[in-house]
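What follows is calculated from the coordinates using simple rules that are stated; it is not laboratory data. This is a predicted model, so every value here is computed, not measured. Neighbour counts run over all protein chains shown; Cβ positions are idealised from the backbone, glycine included.
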Amino acid sequence: MIFGILFGILYLPLILLYPTKVIYKEKMPKEGKMIVTSNHYSNLDPFIYNAKFATKFRFMAKIELFKNKFLGFILKAIGAYPVDRQNVTPSVFKKTLELINKKKKVFIFPEGTRNKEGTEEMASAKSGVIVFASKSGADIIPMLMYRPPKMFRKNYIIVGNPFKIEAADTKKLTKEELASNLERYEKILISLREKLDEKVDKKYSKKK
């Protein structure tokens, strides 16, 4: 109910102000256990993803943002839950797993922080996304945003194929299996960047 109201108030204007095309949107599963991931440019990213997929993604947000009661109310309504990045407690890990197991669409930025430089290069992905996928049995849905959101500038998001953990026992990864899956995942992100760049370049070259 609240999400629907906020969608009309916040997201529809956001779609107009920050025009974003989603490529391969059909690859986003409608249901099931999943961890949705993307590179991270700005605090607007979660709002844009929620708006473009008309979905209430669950995502972590730094605890400082919840100190303002009004902002905290808005963040919780759109699917955010607080995390103290200086002192990540087991309860955050537990809550994230509970949400995944309840088949909520949990959104994780694997780099762990924003790319404030606005460059195409991603920082190394943290292993947490692989661990969550392993413990929950969820697929990872990799996505990539073309560039930082900017008002009235066309942007693009590309959705990749679901990524599945590979291991002798997917619930208990060895260090080698954790590293191997993380490497596979990062290669997929690189591939998505190349594919997205190619599509956008072709689009603009046709206009010229």
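Quick rundown of the values:
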| quantity | calculated |
| --- | --- |
| Mean Kyte hydropathy of 1.6 or more with a Cα span along the axis of at least 27 Å, helices from DSSP in the chain | none |
| Segment 35-147 - Rg and Dmax from Cα coordinates, angstrom | 13.6, 36 |
| Quotient of Cα Rg and 2.2 N^0.38 Å for the chain, N being how many residues it contains | 1.02 |
| Selection from L97, F70, G112, by position along the positive dipole direction of segment 3-120 (Cβ) | L97 |
| In segment 79-143, the GluC sites (Glu not before Pro) that fall in loop regions by DSSP, at most 16 other Cβ within 10 Å | E117, E120, E121 |
| Point-to-point label distance, A168-D84, nm (Cα→Cβ direction, 7 Å offset) | 3.9 nm |
| Computed E for L16/L178 - FRET, C-beta separation, R0 41 angstrom, nearest 0.05 | 0.45 |
| Total charge dipole magnitude, segment 105-208, about the Cα centre, Cβ charges on Lys, Arg, Asp, Glu only, Debye to nearest 20 | 760 debye |
| Helix-only mean residue ellipticity at 222 nm for the chain, each DSSP H run of n ≥ 4 adding -39500 (n - 2.57), per residue, nearest 500 | -12500 deg cm²/dmol |
| Nearest-20 debye value, the chain charge dipole, Cβ charges on Lys, Arg, Asp, Glu | 760 debye |
| The chain - share of DSSP beta bridges that are antiparallel (%, nearest 5) | 20 percent |
| Sparsely packed GluC sites (Glu not before Pro) within segment 1-82, loop by DSSP, other Cβ within 10 Å at most 15 | E31 |
| Gained length - I188 relative to T55, 0.36 nm times residue gap less alpha-carbon distance | 45.5 nm |
| Gaussian network model of the chain, Cα within-10 Å springs - most flexible of I35, I63, I141 | I63 |
| In order through segment 13-18: 3J(HN,Hα) via Karplus (6.51 cos²θ - 1.76 cosθ + 1.60), integer Hz, x for Gly, Pro | x, 4, 4, 6, 6, 10 |
| Added length on full extension, which subtracts the Cα-Cα distance from 0.36 nm per residue, L65 to N101 | 10.3 nm |
